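> So that we are looking at the same thing, I have put the structure below in structure tokens.
The values are calculated or read from the model by the stated rules, or taken from the named source; none is laboratory data. These numbers were taken from a predicted model, which means no experiment stands behind them. Every residue, glycine as well, gets a Cβ built from its backbone with ideal geometry; the counts of neighbours run over all protein chains shown.
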């Protein structure tokens, strides 16, 4: 019963991404996270310590879904990443300050940022 409830929640979450649940297995670490729309993209919000700590690290591109929003963040790294990311630094009102593409094992920061949006790069 508990497993079915988790699958139903994942289906609702994935529906927000516009992803076909039959083809893509979204990571269970995103199931409990709230979803927000940023720059026209629906993404889970890393609201817990664990979500902020792990981010998209150690996931496949398909499991990462459409990305992750990390509030109260000014810098990110791609250590443990299996794919490149488009990193968008956002100000307090959600406007884009800077966008950069990061390969695995890189760092990026912007002191003006209030949040960071991580978007997986298409293969």
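> Anything in the stretch 35-82 that is surrounded by 18 or more Cβ atoms within 10 Å (Cβ to Cβ), out of contact with any strand residue (DSSP E or B) (no Cβ under 7 Å at 6 or more places or on another chain) and within 18 Å of residue 108 (Cβ to Cβ)? List them, or say none.
81
> Within the stretch 51-91, can you find the residues that are touching a helix residue (DSSP H, G or I) at 6+ places or on another chain (Cβ under 7 Å), more than 20 Å from residue 114 (Cβ to Cβ) and either free of Cβ contacts under 8 Å to residues at least 40 places away in the same chain or assigned to a strand (DSSP E or B) (or both)? Steps first, answer last, please.
First, pick out the residues of the stretch 51-91 that are touching a helix residue (DSSP H, G or I) at 6+ places or on another chain (Cβ under 7 Å): 51, 54, 65-66, 70.
Pick out the ones that are also more than 20 Å from residue 114 (Cβ to Cβ) and you get 54, 65-66.
Once the filter is applied, which keeps residues that are touching a helix residue (DSSP H, G or I) at 6+ places or on another chain (Cβ under 7 Å), more than 20 Å from residue 114 (Cβ to Cβ) and either free of Cβ contacts under 8 Å to residues at least 40 places away in the same chain or assigned to a strand (DSSP E or B) (or both), the stretch 51-91 yields only 54.
> Hey, another quick one. For the stretch 107-123, how many residues are surrounded by fewer than 17 Cβ atoms within 10 Å (Cβ to Cβ), modelled with pLDDT of 95 or more, in contact with a strand residue (DSSP E or B) (Cβ under 8 Å, 6 or more places away or on another chain) and in a loop (DSSP other than H, G, I, E, B)?
Summing the residues that are surrounded by fewer than 17 Cβ atoms within 10 Å (Cβ to Cβ), modelled with pLDDT of 95 or more, in contact with a strand residue (DSSP E or B) (Cβ under 8 Å, 6 or more places away or on another chain) and in a loop (DSSP other than H, G, I, E, B) in the stretch 107-123 gives 1.
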